[in-house]
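Take a look at the structure set out below.
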Amino acid sequence: MMLRRGFIIFLPRLVGLLVVACCSVSIVYMLACTPKGDNEQLALPRVHSPTVKEGYEAILQEREEQHRNYIISLKKQIAQLKAELQGRSEQLKNVQDRYPDPLDIRLDPSNPEKAQASLLAFLRSQIDKAEVHSGVKLSTEYAAVPFESFTLQKVYQLETGLTRHPEEKPVRKDKRDELIEVIELAVGSLNSPEGDSNTKRRVYTASDFIEGIYRTEKDKGTLYELTFKGDTKHQFKKIVLFRPFGPVMKVKNENVNMADTLINVIVPLAKRASKFRQFMQNFREMGIQQDGRIHLTVVYFGKEQMNEVKSILENTSKSANFKNFTFIQLNEEFSRGKGLDIGARVWKGSNVVLFFCDVDIYFTAEFLNSCRLNTQPGKKVFYPVLFSQYNPSIIYGHQDSIPSLEQQLIIKKETGFWRDFGFGMTCQYRSDFINIGGFDLDIKGWGGEDVHLYRKYLHSNLIVIRTPVRGLFHLWHEKRCLDELTPEQYKMCMQSKAMNEASHGQLGMLVFRQEIETHLHKQKLSSKKT
């Protein structure tokens, strides 16, 4: 592909070069034909000289010969440029035939042989385009695609995923199946007969496999390099395999109208009136004013601060002329799962998108559209990965003041992290939630109910869309892990608390603060002495 693009880029330059050459020759021709200045004029014969006629004829003949030579030279240059242009065009055509554009591949069912040949040619070209036989020049170290290594038992990985394990037995089935298939293919290749040789050959098995490395170039394919034991201690067998990626193929092209798609935002709550006030400011701006296709269901546990919460809700309703809300009060211990379950089941309208939300969440109007676009009844549910904010007093402790909330909501490694271990914020149609069986109402207090529901969807035939989103934030708040929690819940709560405070580097600066201050003090004393 890069070679073909190089020819395509060079072609207009070549045409431009031809134009410049023609212009240059024309200028030379004009200069050659222009009479020279007075100081350089030829000494013409006198008018009354007897040789005047012969002199003029000689001059004209000389000029004519000069012009004839220039014309011949110009014709030669044009012919050379034409030949070179034709050669380049043929080379470009050969490259295009050899490396067909993936968008130009048409798998015509009426001509399966041609379609198969085109596809095979494209797949083979992927090997030439990938970094297999030779390296490619990269702009920076960040552009390098690293390998990951593996043995029969373990994978050693840079992208650790949800488990955070730098080495592990592959958890994902697709990765397990991929590496098993590659090892089996390599063993089969080692054991395949070479030519007509009848000599006794060693039979390789998977136990001879020592280690392998692999990496994926997302637009080309995956390269595997596998090392096996050789015939002696210091000999090895190396197999290189490549899994080419096929051309991009159109799957669907459709118009999606979300003008009438309502979202029911369900928030379970107990106390925390000040946080609810902050939440309603966000809900009013993004949900009511900017989006406008939204309903709010608040499920409140207990009576403490209930009147204050209801007052905030009613004031928003009056000031924003917003009537699409439901307030449910339960006289029992807080249970997030039960609150969301009751909020979902109490809805009596037509099928609606449910957004399970918490009071310490900030969302944008763009996120609400993502919620709609990534859900489909009986087909898809949406589990966004939100961006979790670090403790602002630590992040901005070196500044004179903490910025406003809107200024804090930026996605950088210094300000927060992707909360990929959290499954509480989710969008799905009510019909899918009811059909899957809802929440496990035996789970009390904090944590666990969201993972249980997530696993239900994973075990179903529904597509689970799991992706980071730029418009959904978890606002920092001090987390208290109660003694009443089960050991598993308490462990999850403490892990969440530790990750919420600051980045690894920021926490390190706090741990070594005394050492840093001592160093700065010594530096100051040293500068005074000098």
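What follows draws every value from the coordinates through simple rules; no lab data is involved. Quick caveat: nothing in here was measured; it's all calculated off a predicted structure. As a convention, Cβ positions derive from the backbone with ideal geometry for all residues, glycine included, and neighbour counts pool all protein chains shown.
Send over the Kirkwood Rh of the stretch 263-508, from the inverse of the averaged 1/r over different Cα pairs, rounded to one decimal Å.
Taking the inverse mean of 1/r over all distinct Cα pairs, the stretch 263-508 comes out at 18.7 Å.
Scan around ILE210 for amide H atoms under 5 Å from its own, H built in the peptide plane at 1.01 Å from N, and keep only partners 5 or more places away or cross-chain.
Close amide H contacts, sequence-distant or interchain: THR227, PHE228, LYS229.
If I take R0 = 35 Å and measure r between the Cβ atoms of LEU120 and ASN191 in this structure, what FRET efficiency does the formula 1/(1 + (r/R0)^6) give, to the nearest 0.05?
Efficiency, from the Cβ-Cβ distance: 0.90.
With a cut-off of 16 Å, note down the residues of the stretch 262-289 whose backbone N falls inside the zone around a label point 7 Å from the Cα of GLU366 toward its beta carbon.
Taking a point 7 Å out along Cα→Cβ of GLU366, the residues of the stretch 262-289 whose backbone N falls under 16 Å are 286-287.
Please get the size of the charge dipole for the stretch 263-508, origin at its Cα centre, with Cβ charges of +1 on Lys and Arg and -1 on Asp and Glu, quoted in debye to the nearest 20.
660
According to a simple spin-label model (label point 7 Å from Cα along Cα-to-Cβ), what is the distance in nm between ILE127 and ARG277?
Roughly 6.9 nm, to one decimal.
HN-Hα J couplings of the stretch 275-289 from phi, Karplus 6.51/-1.76/1.60, θ = phi - 60°, integer Hz, Gly and Pro as x?
5, 5, 4, 4, 4, 5, 5, 5, 4, 5, 5, 7, x, 7, 6
Place a label point 7 angstrom from the Cα of VAL136 along the Cα-to-Cβ direction, then list the residues of the stretch 228-243 whose backbone nitrogen is under 19 Å away.
Residues 241-243 qualify, since their backbone N sits under 19 Å from the label point.
Just subtract the alpha-carbon distance of THR467 and SER207 from 0.36 nm times their residue separation and send over the number in nm, one decimal.
Gain in length upon complete extension: 89.8 nm.
Calculate, for ASP442 and VAL346, the FRET efficiency according to 1/(1 + (r/R0)^6) with r their C-beta to C-beta distance and R0 30 Å; round to the nearest 0.05.
The calculated FRET efficiency here is 0.90.
To the nearest 0.05, what FRET efficiency results for GLU285 and TRP418 with a Förster distance of 25 Å applied to their C-beta separation?
Rounded to the nearest 0.05, the efficiency is 0.55.
Among rounded, prolate and oblate, which fits the stretch 358-412 when a ≥ b ≥ c are the square roots of the eigenvalues of its C-alpha gyration tensor, a/c under 1.5 means rounded, and a/b larger than b/c means prolate? Write out the running numbers ahead of the final one.
Numbers: a/c = 3.83, a/b = 3.07, b/c = 1.25.
In terms of gyration-tensor shape, prolate.
Go ahead and collect, in residue order, the members of the stretch 419-439 whose backbone nitrogen is under 17 Å from a label point 7 Å along the Cα-Cβ direction of ARG455.
421-424, 436-439
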